[in-house]
Structures are given as structure tokens and as C-alpha cells.
Amino acid sequence: MTGKFKFRAVLAAAVVAVASAGALAPAEARTPPPGTNIVGGTTASTAQVPWMIALNNSRSSSPVGQYCGATLVKANKIVTAAHCMGQAMSTYTAIQGRDNLNSTTGGKTSKISKIWKDPLYGRAAGHDVAVLTLATPFTGVATLPLETSRAADAVGARPTTYGYGETEGTGPANRLQKVVVPVLGDAYCRSVYASYDYVANGEICAGYKAGGKDSCQGDSGGPLVLNGRLFGVVSWGIGCADAGNPGVYAEVASYAAALTTQINN
Ligand code: ARG
């Protein structure tokens, strides 16, 4: 187990180019090649989803710095994916209330003053969650509560995911997109991702068996929202929107106790 993860870390850069080929789960955070966000979605407005955060990074390969998503859960706390935290703390900027990342103005921005990554991330399957502290709190902005019940992860539930990532040509680049991705259930992902590390108590399997709509590269760390709560965090998939390869989301309820401790301190 440990050896496998070390192997992955060494290969991470190379795997960017061949995301569908390797046993890389979760994949490293990576950003869209030019011209190529959420796949099969529609344009969304941060006015409707004020807790949506663009987690930009100055070392991103994206010209506009697009890197990952996150969710505002307290005035000074955002939840994102652990695998988005591979860069130095000073290179990140959290942006709230900006629909179009091609613009450098609008909304609120903050640097990050503290990073908590789930200590089991990379040592056990799942655990792809992190809590970041904002140096400049987004005071007065609506926050999203965490889902705390694992029963929410039920086949047929219809959560929505949001992001500024890769659209594979199905939408404008760097603009907030949203898409409904029905819960397919743990058994389905355990089966289609048998050679990967899908974990039922810790991950949510969501999307379409036939493909077409999905989260994608650059959406990682962003929210999967159900019933007005943060249900999941965009984590990994093999390719994007391909038949038989749905999206995998960190299951917030599985980690709610640890996340809440971090959010409150
Ligand atoms: N690992 C990707 C990222 O870093 C997210 C991939 C989600 N993939 C999917 N097919 N749903 O942005």
C-alpha cells in the first residue's frame, strides 16, 4: 500500500498526460489545456451559489491561474480536496463571487493562512479532504453546512456539482459551470473501478452510466451539493464524462467529525 502511493507520487507529472492509463486515484490536481470545466453542464452564477470558491494557484498551467474548487463553510474556512494541496501555501488564492476567471476583478479574494489535510490521505483509500483557513475572512457571505448523514449517499439522489474546470469543449473555459450528477451507488463504482481504490465508506459514485455529464480536471476540491448541504468534494475519475467511468467524490459525512473539528478551531 505505502509503496504503491510512493510510486504514484513519482509518476504524478507524467500521468497528467495519460490520466486514463494509470492506476492513479485520486489523480493529481491539474488544469485544463487551453480550449479544452465541468463537461456537459450549464453556466452558473455565484450570486446563486455564494459559497462556491475558486481556489486559484500561481503555479497552475492555466493562464488565468485556475486550479481547483472549494466551498465556504465558515467566514474563514473552506473545504477542498487534499490532492489539491500539493503547492506551497503562499501560491494559493481563494476567490469568491467571481463567475468568470478570465476577469481579474469582482468578488472577494483571500490568501490562505493555514492548511489541514486529512492525515490519512495517501496512506489509505479515500480521505481526499482538506480544510483551509482564509487570511481575510469572507464575512457576510452565505456558507454551506456539511452533510453529516451517510444515509444521504443513496442511489437515485440528484446532487449538483460546480466548477471552473475542464469542459472538453462543451462550455466556455474558466466560467462557473454546474451539472446534476445522480448517485449511482457504491456497488457500481466498486465494480467499474475494481482496479482502483474506490472506498464505499468515504466516497460517492455519481454521474451517468452512459457518460456525457461529469466533473473534470480543475473541478477537484469543488462542491457536490444535495439538499442545501455539502454532500461531496470532487475527487477523481478516469477521463471525464466517459461511459462506465463516473465521477468519484469524497463523502463529506464520512469525514464530518474531523472536518467540523477543523472548521471550529
Ligand atoms: N482529479 C481532478 C482534478 O484534480 C478531478 C477529476 C474529476 N473527474 C471526473 N471524471 N469526475 O481536478
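Read the figures in this text as sums done on the coordinates, not as results from a lab. Worth saying up front: this structure is predicted, and the values here are computed from it rather than measured. When we count neighbours, we look across all protein chains shown, and the Cβ atoms used for this are built from the backbone with ideal geometry, even at glycine.
Things worth noting here:
- Assigned charges on the beta-carbon of Lys, Arg, Asp, Glu; the chain dipole about Cα centre (debye): 540
- Positive contributions from Lys and Arg (+1) and negative ones from Asp and Glu (-1), summed over other residues with Cβ under 13 Å from the Cβ of residue 179, come out at -1.
- Note on the range 113-226: with charges restricted to the Cβ of Lys and Arg (+1) and Asp and Glu (-1), its dipole about the Cα centre is near 160 debye.
- Placing unit charges on the Cβ atoms of the charged side chains and taking the dipole of the range 114-265 about its Cα centre, the candidate lying farthest along the positive direction among 182, 126, 152 is 152.
- Restricting the range 100-161 to trypsin sites (Lys or Arg not before Pro) in coil, as DSSP defines it, with at most 15 other Cβ within 10 Å: 123
- Mean ellipticity per residue at 222 nm, deg cm²/dmol - from DSSP H runs of n ≥ 4 across the chain, formula -39500 (n - 2.57): -4000 deg cm²/dmol
- Length gained when the stretch residue 243-residue 195 is fully extended (0.36 nm per residue, less Cα-Cα span): 15.6 nm
- For the range 154-223: rounded, prolate or oblate by the Cα gyration tensor [a/c cutoff 1.5]: prolate
- Residue exposure sequence - 215, 61, 103, 195 - by fewest surrounding Cβ within 10 Å: 195, 103, 61, 215
- Lysine pair count for the chain with Cα-Cα distance under 21 Å and sequence separation of 8 or more or different chains is 13.
- Each of 78, 204, 53, 95 was scored by other Cβ atoms within 10 Å of its Cβ. Arranged with the fewest first, they read 95, 78, 204, 53.
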